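Quick notes on the structure that follows.
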Amino acid sequence: MSKIELKVNGRSHTLDIEPATPLLYILRNDLGLQGPRFGCGLGQCGACKVIINGAAVPSCVMPVSSVKGEITTLEGLASNGRLHPLQQAWIDEQVPQCGFCQNGQIMTAKAMLDKNPHPTDAQIRESMNGTLCRCMSYYRVQTAIKRAAKTIANASPVFGKEVVA
Amino acid sequence: MSVSAGVPEQIEEALVTHRRGFLKSAGLLAVSFGAFVGAWTTEAVAQSSGGAKGAGPYPDPDFRQIDSWIVIHENNSATFYVGKTDPGQGTGTGFRQLMSDELDIPFDQTACIMGSTDITVDQVGSGGSTAMERDSWPMRRVAAEARRVLLEMASARLGVPVDQLAVSDAIVTVKAEPSKRVTYGELIAGKKFNITLTGNNVNSVTGQAKTKSVPELKNTGQSPQRDDIPAKVDGSLKWAVDVKLPGMVHARNVKPPFACAKLTGIDESSVKGLPGFIKVVSKGNYVAVVCEREEQAIRAARQLKTTWQKPSTAPFPASEDLFSYMRAAAPISASRPLLAGDSETRNPESRPIVVGNPDAAFSGAAKTIEAEYEIPFQGHTAFAGAHATADPSNGQMTVYSNDMKSYGMRRCVAAFLGMPHDRVRVVWMQGPQGFGRTAAEDAGCEAAWIAREIGRPVRVQWMRDEETAWDTKSPAFLVKMRGALDSDGRLVGYEYYARSCDYNHLGYNEPDTVLIAQLMGSRRARPASGSASMPSDMYAIPNRKMAGEVVGLPIVWETPLRTGNLRDPNGPQPTFAAESFIDEAAAAAKTDPLDFRMKMIKADTNDDAGFRRARSIAVLKAAAEAYGWDPRPSPKPIGTGKVLTGRGIAYSFRGQTVVAQIAEVEVNRQTGHVWAKRLVCAHDCGLVVNPESLRHAVECGTLHGLSRAIHEEVRFDTEKVTSLDWFSHPTLRHADVPERIDIVLVNGDPNPNRPDLPPYGAGEASLKPMLAAIANAIHDATGVRIRRVPFRDDRVLAALKAAGV
Ligand code: FES
Ligand code: FES
C-alpha cells in the first residue's frame with residue numbers, strides 16, 4: 001500500500017492503495033465514478049477510457065502509480081452546467097443503443113477533436129478505430145462527431161462560455 | 001448536472017422543476033432525473049408504487065389491477081410500470097408514446113419504469129422483438145381503461161354525463177362550458193384506481209374501454225427523443241455494473257481450463273496470503289474466489305492453483321474441422337419422434353416441408369444447380385462480461401441484473417437456490433446489449449449462490465476471456481441446396497437441407513442448464529434439441545422440399561460451445577444460404593436477381609397471411625428505388641483495377657416484418673478485403689411507433705449483420721475455445737462502417753391507412769438478409785461465390801486466387 005495523489009475532474013484525492021491497482025477500479029470503486037467501465041480489461045475496446053494529458057487512454061491497463069497528470073472522465077466534460085458539444089451532439093443524433101461503450105466513444109472523440117478540430121472522414125475512422133461498439137452505433141457516432149466539430153467551430157472563441165448553441 | 005443542456009434556460013428550469021416535482025411525487029427524490037431512468041432506487045420506487053416493501057417478501061404485482069400499471073401524481077403526471085426491459089432499442093420511450101396516447105396525457109408528463117420483478121407486472125421481459133407487436137397491447141388496454149375510469153370520476157365530480165365531457169392533455173373539461181375542468185391529478189393523485197381488470201393472463205388483460213384507432217394516436221408515429229440517452233452520455237446513469245451495497249464484496253470465477261474438465265484439487269494456500277482474500281467457494285466443477293476489492297478478486301482468481309482432469313474423449317472437433325464433422329455426424333433430433341425425456345417440444349420447423357413434386361421437377365429440369373453453405377458458431381460477445389450483484393439480506397435474495405428477462409431470472413434463481421418465489425426479486429438495470437445472451441444469463445445465479453454461501457452482498461463479473469469463450473453461441477449451420485430451372489430459366493424445383501450444430505441449446509433462465517448448474521452437476525438429463533430452421537418460405541416455387549436436422553457434439557454439457565438464442569435466433573444462417581442460392585439461380589438463368597425474386601413473389605399469393613407478399617413487393621421496390629438499382633444479371637463484367645465493386649440484394653421476413661437489403665461492396669483484389677461502401681435497408685413492420693428509434697435499431701441491426709458477414713467466428717481446438725478477446729473473435733469497427741446507410745421505412749400494407757394497422761416486431765429482422773446481401777455483392781463484383789461465413793480477407797483472397805480473379 002502507498003499514498004497516491006490523484007486529480008480527477010478538477011478535484012484532488014489522496015488514497016492509500018496498492019500502487020499496481022489499475023486506475024479503472026479506483027475511479028469506479030473508490031471515487032464513485034461510473035463513466036469509465038470495464039469492457040475487456042485488455043486495452044482493446046475503449047470502454048474504460050479517460051483523458052490524461054490530452055490523450056484518451058484505457059484506464060483498465062494503467063497502474064495507478066503510473067498516472068502522471070490530471071484525469072478527466074466522462075463526468076468531467078460538462079462545464080458550467082452545460083453538456084460538452086460532443087455530449088449534446090450524442091443526444092441530438094440519438095447515438096447510443098445500449099450505451100455501454102459510449103464513454104469510450106465520447107472520450108476518444110474529445111481527445112481527437114481537441115487535437116484536430118476539423119477531422120476528415122478518414123481521420124475520424126482512423127482515430128476512432130480502436131473504440132468498439134457491439135451495438136454497432138458507429139455510423140451515428142461518426143455523424144455526431146461531425147456535428148460536434150461544427151458546433152465547436154461556431155462557438156468561438158472557446159467552449160465553456162455561454163456560447164454553445 | 002443538467003440533462004437538458006441546449007434547452008433555453010427558462011424551459012430547462014421548468015423541466016427540472018417539473019421533474020423534481022415529478023420525482024417527489026413518485027417517491028424518487030433520492031436520485032437525479034438522469035439516474036431516474038435506470039430505476040436504481042428501487043426501494044423508493046417500490047414504496048411509491050404501493051408495491052412490495054424493501055425488506056421483502058416480494059409478491060408479484062397483480063396484473064389485474066390498474067394500480068400495478070399506472071400511477072397518477074398530484075402534478076398531473078403519470079408513471080407507467082411495465083414488465084418489459086429496454087436494452088437500448090428505445091422500447092421504453094415507445095411504451096410511453098402508446099400509453100400516453102391511450103390515457104390522453106402529454107408524453108412529456110410521463111415516465112416509464114421497467115422490469116423489476118417486485119414493482120412491475122410479469123410481462124417476461126424482452127426478447128424476440130415482441131415489445132410493440134405483443135406486449136404493448138395490454139399496456140394500451142390498461143391505459144385506455146384508466147382513461148375511462150378517470151372520465152367517470154370527472155363526471156361525478158363535475159356533475160355532467162361522460163358523453164358531455166372532453167379530455168385532452170390529462171385535463172377533463174365540460175364540452176359546453178370549458179372553464180369547468182378538472183385534472184387527472186386532482187381526480188386521483190394519492191388514491192388508487194382500485195379497478196380490477198379481466199383476462200386470464202397478462203397478455204390478455206383488459207378493461208371495458210376500447211383502444212384507439214391508428215388515426216386517433218397522436219404521439220405514436222412521432223419521434224420524441226429516447227429518454228434513456230441523456231443519462232447514458234453524461235455519465236449519470238447507474239448501470240447494473242455500478243451497484244454498490246454496504247458490506248459488498250467481489251467474486252471472480254475460475255473457469256475449467258478445458259471443456260468438460262473435472263476439478264481434482266484446489267490449493268487454497270496459493271491465494272491465502274493475498275490482500276483482501278476472503279474465501280474460495282466451490283461445488284462440483286464450479287470455483288470462484290471472493291475478495292474485499294474487485295482488483296483483488298481478479299488477481300486471486302488468476303493466481304488460485306487448481307488441478308483438473310481432462311475428459312477421456314475430445315469434447316468437440318477443432319473449428320477448422322467443424323463442417324466435415326457436421327457432414328459425417330449422425331443427426332440427433334430432427335426426423336425422429338419425440339423421445340421420453342426430451343426436454344422441449346422440438347421446433348415444428350424441423351419437420352420436412354414438401355410442396356408439389358420436387359423429384360419430378362428435378363428429373364425434368366433443363367438445368368440443375370447445387371451449392372453448400374457453411375456458417376460457423378458466432379458469439380454473442382457482449383461488450384462486457386456477464387455480471388450481477390446479489391444481496392442476501394433479511395432472508396431474501398435481491399439480484400441486480402441486466403437480464404433482459406428479469407422475471408425468468410427470478411424464477412431461475414428461486415429454483416436454483418430452492419427459495420420460495422416471493423423471497424427473490426430481480427431489479428433490472430441497464431447493461432451491455434441483450435441480444436439473447438442475457439436471457440440465458442449466468443452471473444445472476446452465481447452471485448446469488450455465492451451471496452448465500454458467504455452471507456454478504458456480492459458482485460460477480462465475468463472477464464473478457466471468460467465471456468468470449470464461455471458465452472452462449474449462435475449455432476453453426478451447414479446447408480445443402482439444389483435448384484431445378486426449366487427451359488425458360490424459371491426456378492421450378494428447390495431443395496433446402498440444413499444441419500445445425502445446436503444440440504445443447506439453452507432455453508431462457510433455466511435453473512438446470514445455467515452454467516453454474518451444469519458445473520455443479522445439478523443439470524437436466526437431456527439437453528434441448530435446438531433447431532435446424534428453415535428460411536422464410538418466401539417464394540412461390542411450385543415444387544419444393546425443405547428439411548433440417550440437428551447434430552450434436554461429442555460432449556454436450558460443461559462446454560463453452562453451448563448454443564443459445566442470438567438476435568433473430570437461427571434466422572441469419574438459413575437466410576444466408578437461401579438468399580445466396582436464389583442469387584445463384586438468378587445467375588444461372590442470366591436474369592437480374594431482383595427481377596428473378598419479384599417474379600416468384602407475384603406468382604402465387606394464396607398464403608398471404610398478414611399481407612407479407614404484398615409488403616414484400618413494396619419493400620423490395622422501395623429498396624431498389626432508394627439504391628438506384630439498374631436491372632442486369634450478375635456478375636457484372638469483371639473489372640481490371642485493384643478494387644472491384646458490385647451490388648447484391650437479399651430479402652426475408654421474420655414473423656410479419658419484411659426486410660430487403662442492398663449492399664454495395666468494394667473488394668480489394670490484392671488483399672481480399674471487403675468493404676461495404678453503401679447499405680440500403682427497406683423495412684416494413686406495420687405501424688411505426690417511433691420512426692427515429694426504429695431507424696436507429698434497424699441501422700444497428702443491419703451493421704450487426706455486416707459484422708457477422710465479414711468478421712465473426714468462434715474458433716476452438718479440440719478441448720477449448722481459443723477465441724478469447726476482440727482480436728480472436730473480431731467485431732465490426734469504425735473503419736468498416738459504410739460511407740452511406742439508407743434506412744427506408746415502408747408501409748406496404750394493401751390498405752396503408754387502415755385504422756387497425758398493427759405494429760409488428762422490429763429490430764431483429766434487420767439481421768437476417770445481410771449476410772447474403774454481402775455475399776451476393778461480392779459475387780457481382782468478382783464473379784466468385786463465397787459460401788463460407790465470415791468473408792474474411794484471407795478467405796476471400798484465396799477464393800479470388802482459386803478463380804483466377
Ligand atoms: S476495458 Fe479498458 S480497453 Fe476495454
Ligand atoms: S451502444 Fe451498446 S456497445 Fe455501443
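State which residue is farthest from ligand 2 (Cβ to nearest atom) when the search covers only region A:60-80 and only residues that are in a helix (DSSP H, G or I) and among the β-branched types (V, I, T). Don't jump to the end; show me each part of the working.
At the first step, the residues of region A:60-80 found to be in a helix (DSSP H, G or I) are A:60-61, A:64-66, A:74-76.
Filter once more, keeping what is among the β-branched types (V, I, T): A:61, A:64.
Working: A:V61: 19, A:V64: 26 Å.
Per the stated criteria, the residue is A:V64.
Any idea which of (1) buried (at least 19 other Cβ atoms within 10 Å of the Cβ); (2) within 14 Å of another protein chain (Cβ to nearest Cβ); (3) over 22 Å from B:I649 (Cβ atoms) is the one B:I741 doesn't satisfy?
B:I741 satisfies all of (1) buried (at least 19 other Cβ atoms within 10 Å of the Cβ); (2) within 14 Å of another protein chain (Cβ to nearest Cβ); (3) over 22 Å from B:I649 (Cβ atoms) except (3).
With in contact with an Asp or Glu (Cβ under 7 Å, 6 or more places away or on another chain) and small (G, A, S) as the only criterion, which of B:A777, B:A773 stands out? Let's see the steps before the verdict.
On the way: B:A773 fails: in contact with an Asp or Glu (Cβ under 7 Å, 6 or more places away or on another chain).
The conditions single out B:A777.
Give me the residue from region B:692-736 that is β-branched (V, I, T) and part of a loop (DSSP other than H, G, I, E, B) and, out of that set, farthest from ligand 2 (Cβ to nearest atom). Full working, then the answer.
To start, the set of residues in region B:692-736 that are β-branched (V, I, T) comprises B:698, B:702, B:710, B:714, B:718, B:721-722, B:731.
From the residues that got through so far, the ones that are part of a loop (DSSP other than H, G, I, E, B) too are B:714, B:718, B:722, B:731.
Working: B:V714: 19, B:T718: 33, B:T722: 24, B:T731: 10 Å.
Taking the candidates together, the pick is B:T718.
When only residues in region A:81-121 that are within 16 Å of ligand 2 (Cβ to nearest atom), out of contact with any strand residue (DSSP E or B) (no Cβ under 8 Å at 6 or more places or on another chain) and among the polar types (S, T, N, Q) count, which is farthest from the other protein chains (Cβ to nearest Cβ)?
Only one residue tops the list, namely A:Q105.
Tally time: how many residues in region A:132-142 are more than 7 Å from chain B (Cβ to nearest Cβ) and either part of a loop (DSSP other than H, G, I, E, B) or within 15 Å of ligand 1 (Cβ to nearest atom) (or both)?
The total comes to 1.
Inside region B:40-71, can you point out the residues that are outside any helix (DSSP H, G or I), at pLDDT 75 or above and among the small types (G, A, S)? Quick ask: steps written out before the conclusion?
Residues of region B:40-71 that are outside any helix (DSSP H, G or I), as a first pass: B:40-41, B:49-65, B:69-71.
Restricting the remaining residues to those that are at pLDDT 75 or above gives B:55-65, B:69-71.
Across region B:40-71, the qualifying residues are B:A55, B:G56.
Which ones in region B:335-363 are modelled with pLDDT of 50 or more, surrounded by 13 or more Cβ atoms within 10 Å (Cβ to Cβ) and small (G, A, S)?
Answer for region B:335-363, where residues must be modelled with pLDDT of 50 or more, surrounded by 13 or more Cβ atoms within 10 Å (Cβ to Cβ) and small (G, A, S): B:S350, B:G356, B:A360, B:A361.
Output the qualifying pairs, or none if there are none: Cβ atoms under 6 angstrom, residues six or more apart or on different chains, first residue in region A:118-137 and outside the structural domain of A:F38 (by TED's automatic domain parsing) and more than 8 Å from A:C101 (Cβ to Cβ), second residue away from ligand 1 (no atom under 16 Å from the Cβ) and not in a loop (DSSP other than H, G, I, E, B).
Close Cβ pairs (under 6 Å, with a partner that is away from ligand 1 (no atom under 16 Å from the Cβ) and not in a loop (DSSP other than H, G, I, E, B)) amount to A:I124/A:Q142; A:I124/A:I145; A:R125/B:A735; A:S127/A:M112; A:N129/B:A735; A:M136/B:C700; A:M136/B:L703; A:M136/B:H704.
Looking at A:C45, A:C40, A:C60 in this structure, which one is touching a strand residue (DSSP E or B) at 6+ places or on another chain (Cβ under 6 Å) and at the interface with another protein chain (Cβ under 10 Å from one of its Cβ atoms)?
On the way: A:C45 fails: touching a strand residue (DSSP E or B) at 6+ places or on another chain (Cβ under 6 Å); A:C40 fails: touching a strand residue (DSSP E or B) at 6+ places or on another chain (Cβ under 6 Å).
On inspection, the qualifying residue turns out to be A:C60.
When you check A:L15 against the structure, is it surrounded by fewer than 23 Cβ atoms within 10 Å (Cβ to Cβ), outside any loop (DSSP other than H, G, I, E, B) and of a type in the set (A, V, I, L, M), yes or no? Quick ask: steps written out before the conclusion?
Details: surrounded by fewer than 23 Cβ atoms within 10 Å (Cβ to Cβ): yes; outside any loop (DSSP other than H, G, I, E, B): yes; of a type in the set (A, V, I, L, M): yes.
So A:L15 passes the test.
Which one of B:A146, B:A166, B:A111 is assigned to a helix (DSSP H, G or I) and either among the small types (G, A, S) or within 16 Å of ligand 1 (Cβ to nearest atom) (or both)? Can you show your working first?
Numbers: B:A166 fails: assigned to a helix (DSSP H, G or I); B:A111 fails: assigned to a helix (DSSP H, G or I).
Exactly one of B:A146, B:A166, B:A111 is assigned to a helix (DSSP H, G or I) and either among the small types (G, A, S) or within 16 Å of ligand 1 (Cβ to nearest atom) (or both), namely B:A146.
State which residue is surrounded by the fewest Cβ atoms within 10 Å (Cβ to Cβ) when the search covers only region B:449-472 and only residues that are within 16 Å of ligand 1 (Cβ to nearest atom) and of a type outside the set (V, I, T).
In the first step, residues of region B:449-472 are kept if they are within 16 Å of ligand 1 (Cβ to nearest atom); the result is B:461-468.
Filter once more, so that each one left must be of a type outside the set (V, I, T): B:461-467.
Values: B:Q461: 26, B:W462: 23, B:M463: 22, B:R464: 22, B:D465: 18, B:E466: 20, B:E467: 28.
Among residues in region B:449-472 that are within 16 Å of ligand 1 (Cβ to nearest atom) and of a type outside the set (V, I, T), the one surrounded by the fewest Cβ atoms within 10 Å (Cβ to Cβ) is B:D465.
Those residues that are surrounded by fewer than 22 Cβ atoms within 10 Å (Cβ to Cβ) and within 15 Å of the chain's Cα centre (by Cα), I need them from region A:79-97; list them, please.
The answer is A:S79, and nothing else.
Residues B:K218, B:K210, B:K232: which one is charged (D, E, K, R), within 14 Å of chain A (Cβ to nearest Cβ) and either assigned to a helix (DSSP H, G or I) or surrounded by 12 or more Cβ atoms within 10 Å (Cβ to Cβ) (or both)? If you could, list the steps in order and put the result at the bottom.
Working: B:K218 fails: within 14 Å of chain A (Cβ to nearest Cβ); B:K210 fails: within 14 Å of chain A (Cβ to nearest Cβ).
B:K232 is the lone residue from the list that is charged (D, E, K, R), within 14 Å of chain A (Cβ to nearest Cβ) and either assigned to a helix (DSSP H, G or I) or surrounded by 12 or more Cβ atoms within 10 Å (Cβ to Cβ) (or both).
May I ask you to list the residues in region A:48-59 that are outside any strand (DSSP E or B) and within 16 Å of ligand 2 (Cβ to nearest atom)?
Pass one, region A:48-59, residues outside any strand (DSSP E or B): A:48, A:53-54, A:59.
Scanning region A:48-59 gives a single hit, A:C48.
Pick from A:C60, A:C45: which is touching a residue at least 40 places away in the same chain (Cβ under 8 Å), within 14 Å of ligand 1 (Cβ to nearest atom) and crowded, with 21+ Cβ neighbours inside 10 Å?
Numbers: A:C60 fails: touching a residue at least 40 places away in the same chain (Cβ under 8 Å).
The conditions single out A:C45.
Please go through region B:235-281 and pick out each residue that is outside any strand (DSSP E or B) and of a type in the set (S, T, N, Q).
Step one: of region B:235-281, the residues outside any strand (DSSP E or B) are B:235-248, B:255-261, B:268-276.
Residues satisfying the conditions are B:S236, B:S269, B:S270.
Answer yes or no as to whether A:V50 is in contact with a helix residue (DSSP H, G or I) (Cβ under 9 Å, 6 or more places away or on another chain) and within 13 Å of ligand 1 (Cβ to nearest atom). Explain how you work it out, then say what you get.
Values: in contact with a helix residue (DSSP H, G or I) (Cβ under 9 Å, 6 or more places away or on another chain): yes; within 13 Å of ligand 1 (Cβ to nearest atom): yes.
In short, yes.
Considering only residues that are among the acidic types (D, E) and surrounded by 24 or more Cβ atoms within 10 Å (Cβ to Cβ), which ones fall in region B:473-523? Spell out the reasoning first.
Taking region B:473-523 first, the residues among the acidic types (D, E) are B:486, B:488, B:495, B:502, B:510, B:512.
Scanning region B:473-523 gives a single hit, B:D502.
Looking at (1) within 12 Å of chain A (Cβ to nearest Cβ); (2) over 34 Å from the mean Cα position of the chain (by Cα), which one does B:R252 not meet, given that it meets all the others?
Single failed check for B:R252: (2).
When the residues of region A:1-25 are narrowed to those that are within 9 Å of chain B (Cβ to nearest Cβ) and within 15 Å of A:I52 (Cα to Cα), which ends up nearest to ligand 1 (Cβ to nearest atom)? I'd like the intermediate steps shown before the answer.
First pass over region A:1-25, keeping only residues within 9 Å of chain B (Cβ to nearest Cβ): A:1, A:18, A:20-22, A:24-25.
After this cut, where a residue has to be within 15 Å of A:I52 (Cα to Cα) as well, the list is A:22, A:24.
Details: A:P22: 9, A:L24: 7 Å.
Among those that are within 9 Å of chain B (Cβ to nearest Cβ) and within 15 Å of A:I52 (Cα to Cα), it is A:L24.
I need a count of the residues in region A:69-80 that are more than 9 Å from chain B (Cβ to nearest Cβ) and not hydrophobic (A, V, I, L, M, F, W, C).
The initial filter retains those residues of region A:69-80 that are more than 9 Å from chain B (Cβ to nearest Cβ), namely A:69-72, A:79-80.
Next, from what is left, pick out any that are not hydrophobic (A, V, I, L, M, F, W, C): A:69-70, A:72, A:79-80.
Within region A:69-80, residues that are more than 9 Å from chain B (Cβ to nearest Cβ) and not hydrophobic (A, V, I, L, M, F, W, C) number 5.
The values are calculated or read from the model by the stated rules, or taken from the named source; none is laboratory data. Keep in mind that this is a model prediction, so the values were computed, not measured. All Cβ positions, even for glycine, are placed from backbone atoms using ideal geometry, and neighbour counts span all protein chains on display.
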